[in-house]
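Right, one structure below, let's go through it.
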Amino acid sequence: MASGDLPDLIYNWGGADSNMETWAQNGLLAPLDDKIAQYPNLMKNITKEMWDGVRSVNDGKIYIVPRTNVVNHWGYMINQTWLDKLNLKAPTTLDEFTNVCKAFTQNDPDGNGKADTYCVSFSNPTLGSNTIWNSSNFLASAFSLPIVNGAKDTDGTYKIREKMSGYLPFLDYLKQLNDEKLIDPEFLVNKIYVDQDKLNQNRIGINYAHQYTVMGNLSKDQESDKKFTYHAVLKNSKGVANDWVTPATWGGWMIPASSKHVDDVLKFLDWGNTAEANTLFQIGIKGLTYDSYDPATKSISRTADQTTKLASTTSTYMTLANAINGEPALIENADTPERLNKYKAQLDDAMKLMTVINVPAVRSPKILNLNKTIPDLVKKKDDQEMKYILGTISLQQFKDFLEKEWYPATADAEKEYVDYMNKLGK
């Protein structure tokens, strides 16, 4: 973006983030408000909530076309073979989770005669930040603690996470897991996907996952569909399993102001938001990468040779839209009736247990940009949380930090966020 030598179409992983806002303010991006209504597939496949979620907080204009994604229901994946061996069921409550954790850690579920297994682990894309907020929503749900911004606390009001009723009880529980040595001790330094690798290596028994993870994991473990199962988030004390769902977008597409082909690019993106385009990008070409495909059931037939060609022909990272009407073109690796049925059965069972709460996109700059405005204090807050979980500081010391440092430093951001959410009226 700094070079000024820009292509006609730019993908921004962060969607309508602070980078997009900066580039728009600097005149680098084309405003699209007066044009998008001319493209029927964009208007049909991208919901009003998605468009509203990308409007600039500075001038209210649209500079990015949301890349639609499937709705992910973040629960957890568990080693079903361990459950079966120990005669246990997948947990739905916190007490059940604790019992399974103890059994997975203490009862030699892999049968090797060694004390080398743990219940759960976490991971984060970046070191130096708190891993627990990236990968623990299935567990935080037991405390009615939403991991995402935009959800209300149990009293029906908006707050920063650190003031929510479930915040300290959740950290207390993680401390309990750590004190009892039920949590992977390396979770502090795990890079992204390391927790999933440890699951495949029979080192841990549970990690966070959405409904596609078991089948997607077949690329790492060919027995994944036989070893693991997907389940809903845990129920809270009132018996409700809250499934907080944010707008289903995965970044977005921007057009530079210098482009001489804005309408051509929008025409391309409009085609990209059709089932035809999504099938081409995700499934490929009939005869080359598959023999038959039913978009209604997601049933697909491929030979081994076609499966090999698929990897070099298509990519989910190249889709202009990753979902049409909220649906993917196919369920990754669910390429047999048995696998597809397992996927559907596990998702159906999970959805019967969960209460979906649709959370709007939060466009409150101060709360979203704390990492940039007070980076040292954000890091200190992460460190303080971890120190409390690990037992190196007391609860009172942690509360003193929150009261004396964190709450005062985030007061303006919290007010802007609360005012923004109340104005939305959600």
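Being in contact with a strand residue (DSSP E or B) (Cβ under 8 Å, 6 or more places away or on another chain), modelled with pLDDT under 90 and not β-branched (Val, Ile, Thr) is a description that does not apply to LEU320. The set of residues in segment 117-157 that are modelled with pLDDT under 95, outside any loop (DSSP other than H, G, I, E, B) and open to solvent by 20 Å² or more (accessible area, probe 1.4 Å) comprises TRP133, ASN137.
Collect the residues in segment 158-201 that are in a loop (DSSP other than H, G, I, E, B), open to solvent by 50 Å² or more (accessible area, probe 1.4 Å) and touching a residue at least 40 places away in the same chain (Cβ under 8 Å), keeping them in residue-number order. Result: GLU180, LYS181, VAL189, LYS191, ILE192, TYR193. In segment 292-307, the residue that is surrounded by the most Cβ atoms within 10 Å (Cβ to Cβ) out of those that are among the aliphatic types (A, V, I, L, M) and outside any helix (DSSP H, G or I) is ILE300. For segment 18-53, taking the residues that are in a loop (DSSP other than H, G, I, E, B) and of a type in the set (Gly, Ala, Ser), the one that is nearest to the chain's Cα centre (by Cα) is identified as GLY53. Count of segment 18-34 residues, restricted to those that are in contact (Cβ under 8 Å) with a residue 60 or more places away in the chain and crowded, with 16+ Cβ neighbours inside 10 Å, is 7.
Of the set (1) open to solvent by 70 Å² or more (accessible area, probe 1.4 Å); (2) closer than 30 Å to VAL240 by Cβ; (3) assigned to a loop (DSSP other than H, G, I, E, B), all apply to VAL70 but (1). For segment 335-347, a tally of residues being open to solvent by 60 Å² or more (accessible area, probe 1.4 Å) and in contact with a Phe, Trp or Tyr (Cβ under 6 Å, 6 or more places away or on another chain) returns 0.
When segment 93-116 is filtered for residues that are assigned to a loop (DSSP other than H, G, I, E, B) and under 26 Å from PHE143 (Cα atoms), only THR93 remains. When SER123, SER56 are checked against the criterion of being over 24 Å from LEU320 (Cα atoms), in contact with a helix residue (DSSP H, G or I) (Cβ under 8 Å, 6 or more places away or on another chain) and hydroxyl-bearing (Ser, Thr, Tyr), SER123 stands alone in meeting it.
Going by what's in this entry, would ASN87 be described as part of a loop (DSSP other than H, G, I, E, B), surrounded by fewer than 18 Cβ atoms within 10 Å (Cβ to Cβ) and at pLDDT 95 or above? Here the answer is yes, as ASN87 does meet what is asked.
The residues of segment 89-113 that are more than 28 Å from the chain's Cα centre (by Cα) and under 21 Å from GLU223 (Cβ atoms), listed by number, are ASP108, PRO109, ASP110, GLY111, ASN112.
Condition check for LYS342 on (1) within 30 Å of THR92 (Cα to Cα); (2) out of contact with any helix residue (DSSP H, G or I) (no Cβ under 7 Å at 6 or more places or on another chain): one failure, at (2). Here segment 202-217 is the region considered, the condition is being under 19 Å from ASP116 (Cβ atoms) and open to solvent by less than 10 Å² (accessible area, probe 1.4 Å), and the residue that is nearest to the chain's Cα centre (by Cα) is ASN207.
Filter segment 7-17 down to residues that are more than 15 Å from LYS267 (Cβ to Cβ) and open to solvent by less than 50 Å² (accessible area, probe 1.4 Å) and give me whichever is farthest from the chain's Cα centre (by Cα). Step by step, filter segment 7-17, then rank; the result is ILE10. Within segment 259-279, residues that are closer than 16 Å to TYR11 by Cβ have Cβ atoms under 9 Å from residues that are part of a helix (DSSP H, G or I) and open to solvent by 90 Å² or more (accessible area, probe 1.4 Å) in these pairs: ASN273/LYS44, counting only partners at least 6 apart in sequence or on another chain. Residue under question is LEU310, and the condition is that it be open to solvent by less than 30 Å² (accessible area, probe 1.4 Å), of a type outside the set (Ser, Thr, Tyr) and within 27 Å of the chain's Cα centre (by Cα); does it hold? It is false that LEU310 is open to solvent by less than 30 Å² (accessible area, probe 1.4 Å), of a type outside the set (Ser, Thr, Tyr) and within 27 Å of the chain's Cα centre (by Cα).
Would you be able to say whether some residue in segment 359-375 is among the charged types (D, E, K, R) and either free of Cβ contacts under 8 Å to residues at least 40 places away in the same chain or farther than 25 Å from GLY252 by Cβ (or both)? No: zero hits.
The values are calculated or read from the model by the stated rules, or taken from the named source; none is laboratory data. Since the model is a prediction, treat every value here as computed from it, not as a measurement. We place every Cβ from the backbone using ideal geometry, glycine too, and count neighbours over all the protein chains shown. Areas reflect the complete protein model, heavy atoms only, side chains present, ligands, DNA and RNA absent. Shrake-Rupley method; radii C 1.70, N 1.55, O 1.52, S 1.80 Å.
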